[in-house]
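Scroll down for the structure; my scribbles are underneath it.
The values are calculated or read from the model by the stated rules, or taken from the named source; none is laboratory data. Source: prediction; values computed, not measured. No Cβ is skipped: glycine too gets one built from the backbone with ideal geometry, and neighbour counts run over all protein chains shown. To get the accessible areas, we keep the full protein, side chains included, count just its heavy atoms, and leave off ligands, DNA and RNA. Shrake-Rupley method; radii C 1.70, N 1.55, O 1.52, S 1.80 Å.
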Amino acid sequence: MDTIINFFKDFASMLPTIKFMDVIDILLVAVIIYALIMMIQTTGAARIARSVVIILLLSAVTSLLNMYLMNYLLDRILEIGLIALVIMFQPELRRMLEKLGSKSLREILNMKTQQREIDRVISQTVAACETMSKERTGALIVFERSSSLIDYQKTGTVLDARVSSELLRNLFFTKAALHDGAVLICNERIAAAGCVLPLTQNRNISSDLGTRHRAGIGISEATDAVVVIVSEETGTISVAISGMLKRHLAAQTLEKLLLNELAPKDTDTSRNLLKKLQQKWTKKGKGDKDAET
């Protein structure tokens, strides 16, 4: 108990010495760590992260036990592994840098809550699916997450267009050239259309599901993508995630599901933390001025 009390006393005594740049330094490190954690949330990435941690622990143990040869080999593996990790996560790192580079310094430092682009993308997608469901227009929309869809983009026509309800409906219009394939949404933009996807090999799925549904389930098995499917025969809206198909979804249910999977609210944690700290520093500055007067 005394140790805990002494710790808090020492911590309280250090608070007056903390400078503004120290807070910025800590926040930047926290944001980087948070971004890395979000990047390795997927099952595959999590396994890689666990493997790296195990190798680090083994390296520390072999160093303590003076196992020089084993420690040397583990150190070399880590050196090569760092390069391999950069190569493996190249799409995610590139996407992160593109987002950062597309914003001005004013936008980065702005603490006001703004509508996320992904919210607009989801809203436009839901509106398009609701209309296509009423019109019995078949659709297959794939949202990229951590697993890269670059190989599947090559099977279709590259677009790189802003997501809109009208564009999605035009792409899946029955007489359109690209209506039979899938639309891939990557980095919150329509990356390609008319793409060919792998069919599921699962024999336990319902026999009334056609090629469009089987392709949607297949890509969700091969990657961590979220797939929205509109049936041409019944107008039913379905979503495939990790090989599981959720059918007969209403527009509101579809929107909630996509928000939960693609835009969870906890992604704003770092921004809210920065906002609270900014308010705290503002109040502290006003208090200091009042004390001086």
Worksheet item: What is the one condition in (1) of a type in the set (A, V, I, L, M, F, W, C); (2) modelled with pLDDT of 90 or more; (3) under 21 Å from Val31 (Cβ atoms) that Ile141 does not satisfy?
Response: (3)
Practice prompt. Please tell me if Val142 is closer than 14 Å to Ser238 by Cα, touching a strand residue (DSSP E or B) at 6+ places or on another chain (Cβ under 7 Å), in a strand (DSSP E or B) and touching a residue at least 12 places away in the same chain (Cβ under 8 Å).
Written response: yes
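Give the residue that is nearest to Gly218 (Cα to Cα), with candidates limited to residues of segment 118-166 that are of a type in the set (A, V, I, L, M, F, W, C) and open to solvent by 50 Å² or more (accessible area, probe 1.4 Å). Can you show your working first?
We begin by selecting, within segment 118-166, every residue of a type in the set (A, V, I, L, M, F, W, C); these are 118, 121-122, 126-129, 132, 139-143, 149-150, 158-159, 161, 163.
Then keep just the ones that are open to solvent by 50 Å² or more (accessible area, probe 1.4 Å); that gives 150, 158-159.
Details: Ile150: 16, Val158: 21, Leu159: 23 Å.
My answer is Ile150.
Residues to consider are Ser165, Ser206; find the one that is of a type in the set (Ser, Thr, Tyr), modelled with pLDDT of 95 or more and out of contact with any Pro (no Cβ under 6 Å at 6 or more places or on another chain). Give the steps one after another, and end with the answer.
Working: Ser206 fails: modelled with pLDDT of 95 or more.
Result of the check over Ser165, Ser206: Ser165.
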Worksheet item: On the given criteria, is Leu58 farther than 30 Å from Leu149 by Cα, modelled with pLDDT of 80 or more and surrounded by 10 or more Cβ atoms within 10 Å (Cβ to Cβ)?
Response: yes
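Restricting to segment 214-237, name every residue that is assigned to a helix (DSSP H, G or I) and open to solvent by 20 Å² or more (accessible area, probe 1.4 Å).
Here is the first cut: in segment 214-237, the ones assigned to a helix (DSSP H, G or I) are 214-222.
Correct list: Arg214, Glu221, Ala222.
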